[in-house]
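Asker: Okay, handing you the structure first.
Where a number appears in this text, it was derived from the coordinates with a stated rule and is not lab data. Keep in mind that what you see is a predicted model, and the values were worked out from it rather than measured. We place every Cβ from the backbone using ideal geometry, glycine too, and count neighbours over all the protein chains shown.
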Amino acid sequence: MTSHFSVAMTTDVAQRLTQHLRRADGQEDCCFVLWRPSTGATRTTALLTDLVLPQHGERVVNGTVDFTSDYFLRAAGIAAENGSGLGFIHAHPRGRGWQDLNDIDHAAETAFAAQTLAITRRPLVGLTFAGTDAGYGARLWQRHTPRRYHPLVAASVRVVGGRLAVTFNDRLLPAPPVTERQIRTVSAWGPSTQNDLARLHVGVVGTGSVGMLVVEALARTGIRHMSLFDFDTVEEHNLDRLLHATARDVRLHRAKVDLAARAARRAATTLDFQVAAHETSVVEPEGFSLAADCDVLFSCVDRPWPRAVLNLLANAHLIPVVDGGVAVDARGGHLRGAEWRGHVAAPGRACLECLGQYDPALVTAERNGSLDDPAYILGLPAEHPLRRKENVFVFSANAAAAQLTQFLTMTTAPGGIADTGAHLHHFTTGTIERRETGCDQGCLYDGPLRALGDDTPLVVTGPHLAAEQVRADRAHAARRWPIRMERAVADLLVHQR
Ligand SMILES: [Zn+2]
Ligand SMILES: [Zn+2]
């Protein structure tokens, strides 16, 4: 049994629902839907995959709507046959925003919750559609005793694609009050956009040079709930690019993610700011399930394996991934060029594999440890991104800005435009290339893997020996007494601020 519940669907499914449920005559309508689970560490999401529309005579519209048992049995049969769960959605034609469960709907849905579980082996998902603004309400009918079912009310319903549009349950996730510190930000886009942005649970995967800047910007913008992922330690060669990092952090073998979380707490402008620092990679099972709790993920990594895992989270689990990166061409010791990218992987947009952001063959190499073997890396072509480590602060800042811009465009949709394509910026020419097409023909992420959630047949996580080694080294260093002493003093100074 899960503690938090949410629903997600693609823009395509949402449009088909609106088309069916918003009637010209203003009456209520309903239909059954199919769903698959996406299980995070603390949240379960029902991913809506398809509609089972009523056939002639299967429902009666007369002020309120009713459906026949034939319709229910047909829809439940389809769900059972392809291993999906069953959901039921009905419209409140004059509703606006989040839809609470009323007594009539409660009685109607409990009436077939037991039968749904018996036929599909998955609990019934109940949904309400608000006719005025295409808002939603949702709940998962959990069995308490053989005859008693209780609704676990969702905290949000997310529509994912070109735009990320979330209906929040104001009772479970109230909008944080606007603070004095946010006056300039809120006057730029208004309180309702701020309320939507602030309540997103944002994950930042990789808190190196780009990720650290992303964390800073999100905390200042007023995002209330952040999860940070990085197993790395601050090192001497990071200091030219890693915001907030000092020589002391190097001496103390500080985890990058701890530095990021500490900086975020200081930068946060919202009340009740929550940040969790995870010294894990998203390729490890624990990191993966923590990432599956997020509404949006920033990919600030440069390795193929985590990028492949994030690509799966974007397309199979419907969590948009804002990705990017920097490539510097310094062959012969001269700066010949540099480029940075910002794009979003989500249904209807090109995935990270189709954008060429990782090579599937190298995912296998990384999983078996080859990419952490210096000999293997030296065997790659000289211009291969995994061999080229050149970078400067300003390029990282540009990449962070390119990713943050993509995030803002997707969530705030200025002028109604949420998707401006994948951006590639060239330093030497000052130009931007944009790719506005989706995945290449035959891409698995754009086809059979879409919204499969936990039912995905691919096993993408596994033990990460390099991460385990880095954590062990850090734990070992932390036991040495000069480091313990200096850490204690440093922490004391932080608490006094
Ligand atoms: Zn109702
Ligand atoms: Zn693709």
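Asker: How high is the relative contact order of the chain, in percent, counting Cα pairs under 8 Å that sit 6 or more residues apart?
Answerer: Computed over the chain, the figure is 14 percent.
Asker: Another question about this same structure. Report the per residue volume, in Å³, of the convex hull enclosing the C-alpha atoms of the chain.
Answerer: 171
Asker: What's the ranking of 215-223, 16-24 by average number of surrounding C-beta atoms within 10 Å, highest first?
Answerer: Answer by packing, highest mean first, reads 215-223, 16-24.
Asker: Where in the chain are the DSSP H helices whose alpha-carbon span along the long axis reaches 30 Å or more and whose Kyte-Doolittle mean is at least -1.0? Display every interim value, and only then the final one.
Answerer: On the way: long enough: none.
Passing helices, by number: none.
Asker: Tell me, what ³J(HN,Hα) does each residue in the range 331-340 have, in order and in whole Hz, if you take phi through Karplus 6.51 cos²θ - 1.76 cosθ + 1.60 with θ = phi - 60° and put x for Gly and Pro?
Answerer: Along the range 331-340, the couplings run 4, x, x, 10, 6, 8, x, 8, 9, 9 Hz.
Asker: Beta carbons within 10 angstrom, averaged per residue: use that to sort the peptides 371-380, 281-290, highest first.
Answerer: Per-residue Cβ counts within 10 Å, averaged per peptide and sorted highest first, yield 281-290, 371-380.
Asker: Something else: Measure out, as a whole number of angstrom, how far apart the alpha-carbon centroids of the range 393-434 and the range 1-60 sit.
Answerer: 32
Asker: Next question. Relative contact order (percent) for the range 180-472, with alpha-carbon contacts under 8 angstrom and 6 or more residues of separation?
Answerer: 20
Asker: May I ask for the distance between the Cα centers of the range 357-385 and the range 150-184, given as a whole number of Å?
Answerer: Cα centroid to Cα centroid, the span is 40 Å.
Asker: Right, next: What is the fewest-to-most order of Leu318, Leu172 by other Cβ atoms lying within 10 Å of their Cβ?
Answerer: Least to most surrounded, the residues fall as Leu172, Leu318.
Asker: What fraction of the DSSP beta bridges in the chain is antiparallel, stated in percent and rounded to the nearest 5?
Answerer: DSSP beta bridges in the chain are roughly 60 percent antiparallel.
Asker: Let me ask something else. Listed highest first by mean packing, meaning other Cβ atoms within 10 Å per residue, what order do 199-210, 43-54, 386-397 come in?
Answerer: Answer by packing, highest mean first, reads 199-210, 43-54, 386-397.
Asker: Could you derive backbone 3J(HN,Hα) for the range 415-431 from the dihedral phi with the Karplus parameters 6.51, -1.76 and 1.60 (θ = phi - 60°), listing whole Hz in sequence and x where the residue is Gly or Pro?
Answerer: The phi angles translate into x, x, 9, 10, 10, 9, x, 7, 9, 10, 9, 9, 5, 5, 9, x, 10 Hz.
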